[in-house]
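Novice: To start, I am sharing the structure in question, which I have written as structure tokens.
The values are calculated or read from the model by the stated rules, or taken from the named source; none is laboratory data. Source: prediction; values computed, not measured. Methodologically, a virtual Cβ is constructed for each residue, glycine included, from the backbone with ideal geometry; neighbour enumeration extends over all protein chains shown.
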Amino acid sequence: MKKALILSTLIAVIAMSIIAGTFASYTIRMESFTSGSVVSKEFIFLEDGADTFQENVKIAPLETVIWEFGVRNFNGAAITETDLYYRLGFDVAAAAGKQAISNLVVTVKNSAGESVASLTGVGTLTVLGQFPVNDQGQRACYTLEITWPSNGDDIDYAGENFSTVINVSALASQAPIEEAIPESLFRMGTGGFTGLIMEYIGTSSSVRIPAAVDGTTVREIYQDALSGKGITSVTFASDATVTRIHARAFKGNNLTQITFPDTVKRIDYGAFLDNPNLVRVTIGANVYLEGRVFQNNEKFEEAYIETYGRSAGTYLYQNGEWVKQ
């Protein structure tokens, strides 16, 4: 027997054409000056493909329901002129007056078909992402997949009293979005490795490095800790005080940009190697680079060390060269 699976359309926070915020589209004029004006940068955040979402969809054991949707930072000719960080939220709960179909597996996948968040039954999924400032519009596509694997107790959910609702919301900001970070996502070292993240054991492709885990300050990220995890976005908590990133810590992912806390003073061999789309690095002054830290690392060191004297700033990979923004 099929059961109703209700999915609401994307709520107004992304149904709006333009999201108002600190850098929303408006003009500030400095009347005290003899001439000139200051115009804020465009800030655009749009839902994309939400019309695929349906309500009162029925699902039976061994069936799968799929919706495709996305978000983007452009609207016609206008493109967001700042870095844009976004958070997608998926709240899976029992429909009003009903009981949830607790066997349902809800999975969010990225455009490569990789799972970035998943749960069984009810709960909340969060996906973080970002659009680095660029003169080309950017789109992030996702698939919401709802599956009912049969495990022998399907008859327990027969009848109209069982229904699950999934509410999808989104938030965008010009600054990194802070998240409550489940401490269980990180395995920390002990003894002489106290304060070191030894392993990331989460499944999300968007990772935020916390300032502390279980009350212990995160001082360093150990070798291979987040290597080959399918990560597309890494940010640091605003109060993070990481000083060192060890060898191959983020090797073999798909990062497009990274912003280090000013506290980072050393990055070891191959820490960000095999991230072929990493084209934007914001780094502090006088950071020691052990070798082959990034793709095209010789060019990066040439720019960071030789051309700009290890000065802090944002470095972009353009036309085969690293240049300071």
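Novice: Does any residue of the stretch 128-136 turn out to be acidic (Asp, Glu), surrounded by fewer than 19 Cβ atoms within 10 Å (Cβ to Cβ), modelled with pLDDT of 85 or more and not in a strand (DSSP E or B)?
Specialist: The answer is yes; a qualifying residue exists.
Novice: Just the residues that are modelled with pLDDT of 90 or more and basic (Lys, Arg), please, taken from the stretch 203-228.
Specialist: If the condition is that a residue be modelled with pLDDT of 90 or more and basic (Lys, Arg), then 219 is the only one that fits.
Novice: Next question. Restricting to the stretch 245-300, name every residue that is farther than 20 Å from residue 193 by Cα and acidic (Asp, Glu).
Specialist: 262, 274, 290, 298
Novice: Where the second residue is in a strand (DSSP E or B) and among the small types (Gly, Ala, Ser) and the first is at negative phi and lies in the stretch 213-236, which pairs have Cβ atoms under 7 Å and are six or more apart or on separate chains?
Specialist: 218/212; 222/189; 232/206; 233/129; 233/206
Quick grid of which residues meet (1) within 29 Å of residue 63 (Cβ to Cβ); (2) modelled with pLDDT of 85 or more; (3) loosely packed, with under 13 Cβ neighbours inside 10 Å; (4) in the same structural domain as residue 56 (by TED's automatic domain parsing):
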site	(1), (2), (3), (4)
138	no, yes, no, yes
142	yes, yes, no, yes
145	yes, yes, no, yes
150	yes, no, yes, yes
157	yes, no, no, yes
160	yes, no, yes, yes
163	yes, no, no, yes
187	no, yes, no, no
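Novice: Quick one: is residue 250 aromatic (Phe, Trp, Tyr) and closer than 27 Å to residue 109 by Cα?
Specialist: For residue 250, the condition - aromatic (Phe, Trp, Tyr) and closer than 27 Å to residue 109 by Cα - is met.
Novice: Looking at the stretch 284-294, can you tell me whether even one residue there is of a type outside the set (D, E, K, R), on the phi > 0 side of the Ramachandran plot and either without any contact (Cβ under 8 Å) to a residue 40 or more places away in the chain or out of contact with any Phe, Trp or Tyr (no Cβ under 8 Å at 6 or more places or on another chain) (or both)?
Specialist: Among the residues of the stretch 284-294, at least one is of a type outside the set (D, E, K, R), on the phi > 0 side of the Ramachandran plot and either without any contact (Cβ under 8 Å) to a residue 40 or more places away in the chain or out of contact with any Phe, Trp or Tyr (no Cβ under 8 Å at 6 or more places or on another chain) (or both), which makes the answer yes.
Novice: For the stretch 88-99, give me the residue count where each residue is charged (D, E, K, R) and outside any strand (DSSP E or B).
Specialist: Here the count works out to 1.
Novice: For the stretch 190-230, which residues satisfy the criterion of being small (Gly, Ala, Ser) and within 19 Å of the chain's Cα centre (by Cα)?
Specialist: 202, 204, 205, 206, 211, 225, 227, 228, 230
Residue-by-condition table, conditions (1) of a type outside the set (Gly, Ala, Ser); (2) under 22 Å from the mean Cα position of the chain (by Cα):
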position: 103; (1), (2): yes, no
position: 121; (1), (2): no, no
position: 131; (1), (2): yes, yes
position: 134; (1), (2): yes, yes
position: 139; (1), (2): yes, yes
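Novice: Return yes or no: is residue 200 farther than 17 Å from residue 294 by Cβ, of a type in the set (Ser, Thr, Tyr) and modelled with pLDDT of 95 or more?
Specialist: When the stated conditions are applied, residue 200 does not pass them.
Novice: Checking residue 76 against (1) at pLDDT 85 or above; (2) surrounded by fewer than 18 Cβ atoms within 10 Å (Cβ to Cβ), which test does it fail?
Specialist: Looking at each condition in turn, residue 76 falls short on (1).
Novice: Going through the stretch 100-117 one residue at a time, which ones are at pLDDT below 85 and either in a strand (DSSP E or B) or acidic (Asp, Glu) (or both)?
Specialist: If the condition is that a residue be at pLDDT below 85 and either in a strand (DSSP E or B) or acidic (Asp, Glu) (or both), then 114, 115, 116, 117 are the ones that fit.
Novice: Still on this structure, I have one more. Could you check the stretch 204-306 for strands (runs of 3 or more DSSP E) lying wholly inside it with 2 or more residues that are out of contact with any helix residue (DSSP H, G or I) (no Cβ under 6 Å at 6 or more places or on another chain), crowded, with 20+ Cβ neighbours inside 10 Å and not polar (S, T, N, Q)?
Specialist: It comes to 206-209, 233-236, 280-283.
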